[in-house]
1. Output the number of the condition that Val215 fails; it satisfies all remaining conditions of (1) closer than 20 Å to Thr43 by Cα; (2) near the ligand (Cβ under 9 Å from one of its atoms); (3) modelled with pLDDT of 95 or more.
2. Against the definition (in a strand (DSSP E or B), in contact with a strand residue (DSSP E or B) (Cβ under 8 Å, 6 or more places away or on another chain) and within 14 Å of the ligand (Cβ to nearest atom)), how does Val194 come out, yes or no?
3. Could you check, for segment 238-254, whether at least one of its residues is away from the ligand (no atom under 16 Å from the Cβ), more than 21 Å from Phe24 (Cβ to Cβ), part of a loop (DSSP other than H, G, I, E, B) and touching a residue at least 60 places away in the same chain (Cβ under 8 Å)?
4. I'm checking my understanding of the structure. Among residues of segment 129-145 that are more than 15 Å from the ligand (Cβ to nearest atom) and farther than 20 Å from Gly78 by Cβ, which one is surrounded by the fewest Cβ atoms within 10 Å (Cβ to Cβ)?
5. May I ask you to verify whether Thr43 is outside any loop (DSSP other than H, G, I, E, B), touching a residue at least 40 places away in the same chain (Cβ under 8 Å) and either of a type in the set (A, V, I, L, M, F, W, C) or in contact with a Cys (Cβ under 9 Å, 6 or more places away or on another chain) (or both)?
6. Taking the condition of being touching a Lys or Arg at 6+ places or on another chain (Cβ under 8 Å) and either away from the ligand (no atom under 12 Å from the Cβ) or at pLDDT below 95 (or both), how many residues in segment 26-35 meet it?
7. Leu186 is checked against (1) touching a strand residue (DSSP E or B) at 6+ places or on another chain (Cβ under 9 Å); (2) over 20 Å from Met281 (Cα atoms); (3) away from the ligand (no atom under 15 Å from the Cβ); (4) not aromatic (Phe, Trp, Tyr) and fails just one. What number does that condition carry?
8. Looking only at segment 218-234, which residues are hydrophobic (A, V, I, L, M, F, W, C), away from the ligand (no atom under 11 Å from the Cβ), touching a helix residue (DSSP H, G or I) at 6+ places or on another chain (Cβ under 7 Å) and at pLDDT 95 or above?
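The values are calculated or read from the model by the stated rules, or taken from the named source; none is laboratory data. Nothing here was measured: the structure is a model prediction, and the numbers come from that model. Glycine also receives a Cβ, built like all others from the backbone with ideal geometry; neighbour counts cover every protein chain displayed.
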Amino acid sequence: MAGIRTGLTEMLGIKVPVIGAPMFLVAFEELVAAVSNAGGLGTLALPNYRTLDDLDQALATLDSATDRPFGVNIHVSGRFPWSQQLELCLDRGVRCFITSLGAPAPVIDRVHARGGLVFAEVVSLEQAVRAEGSGADGLIAVARGAGGHGGVLPLMVLVPYLKEHTSLPVVAAGGISTGRQMAAALALGAWGVVTGTRLVATVEARVAEAYKQAVVASGPGDIVVTDRITGNRASWIARSIEGVESGPSIGSRRWLDLWSAGVSVAQADAVKPAATIINDMVDEFHGVVNQFSKLQ
Ligand SMILES: Cc1cc2nc3c(=O)[nH]c(=O)nc-3n(C[C@H](O)[C@H](O)[C@H](O)COP(=O)(O)O)c2cc1C
């Protein structure tokens, strides 16, 4: 398989600059391993594992499912305690951490002390400058339209804005799941991309088949952004949250019926193996670059 070399692939020791988004209640070991085995960086969201034993088991499963790097996401000010989980991940050799839902500062020194890297998810320049001041190694620029807790600025504005005003590598997130979109993000100055929503409609996502099919069947007009479910602005398939006034209690199985997705449902045409999606992104990327190199 042809790779794509960027600063991100060098930094993380991966072959293609695609991070499989950490996705609460969606991305478990099988999807993380599939993304890493396809040359990208699969990532686990720590709140998917309620006990240290569960997490230890997942990390052991991943160790046998892939010999490639994978990353871990910490919801810094989320509802789940993560301190001991972080220690376990460090002991198990995880090197790349992605912080979300809060500033990365509490994570950085501990990860750096063990030789790891921290990427901070940010939606604004203020958050980016704070993350840089705390010593983060990179930024994930989460743009408008992303699944999960999406941003407010369009990717076309956010990526160059953060590049201009910080000196950190920027990875682009929000609405990227094809090679053309990846080429556009790299043209904006991003070192790589995060793909989330598109990977819900994969063989390896651990969700109900109906959720995968809803991602395929939905168009951008079927997506709503509201803070009423989690208390933070988040993006949902509208029909899955119809009549739901607030999020269920922690641990309730009703969360499994609330389906987060961003507007990149537009590009989700079928449920496929994650490797097919990543390989297609890489092939299309090289096609676009080739086409562009002929422009005068
Ligand atoms: C179902 C779902 C769950 C998500 N859960 C998380 C999460 O637990 N932690 C996190 O940092 N981001 C989470 N995200 C956001 C992604 O990390 C990423 O920013 C986003 O998916 C990128 O945009 P895209 O969905 O258009 O590809 C989630 C996204 C989706 C679609």
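1. All conditions pass for Val215, except number (1).
2. Working: in a strand (DSSP E or B): yes; in contact with a strand residue (DSSP E or B) (Cβ under 8 Å, 6 or more places away or on another chain): yes; within 14 Å of the ligand (Cβ to nearest atom): yes.
So Val194 fits the description; yes.
3. no
4. First, the residues of segment 129-145 that are more than 15 Å from the ligand (Cβ to nearest atom): 129-130, 132-135, 137.
Next, only the ones that are farther than 20 Å from Gly78 by Cβ stay: 129, 132-133, 135, 137.
Working: Val129: 16, Glu132: 20, Gly133: 11, Gly135: 14, Asp137: 20.
Filtering segment 129-145 for residues that are more than 15 Å from the ligand (Cβ to nearest atom) and farther than 20 Å from Gly78 by Cβ, the one surrounded by the fewest Cβ atoms within 10 Å (Cβ to Cβ) comes out as Gly133.
5. Details: outside any loop (DSSP other than H, G, I, E, B): yes; touching a residue at least 40 places away in the same chain (Cβ under 8 Å): yes; either of a type in the set (A, V, I, L, M, F, W, C) or in contact with a Cys (Cβ under 9 Å, 6 or more places away or on another chain) (or both): yes.
Yes, satisfied.
6. 1
7. (2)
8. To start, the set of residues in segment 218-234 that are hydrophobic (A, V, I, L, M, F, W, C) comprises 223-225, 229, 234.
Okay, now just the ones that are also away from the ligand (no atom under 11 Å from the Cβ), so 224-225, 229.
This time we only want the ones that are touching a helix residue (DSSP H, G or I) at 6+ places or on another chain (Cβ under 7 Å), so: 224, 229.
Residue satisfying the conditions is Val224 alone.
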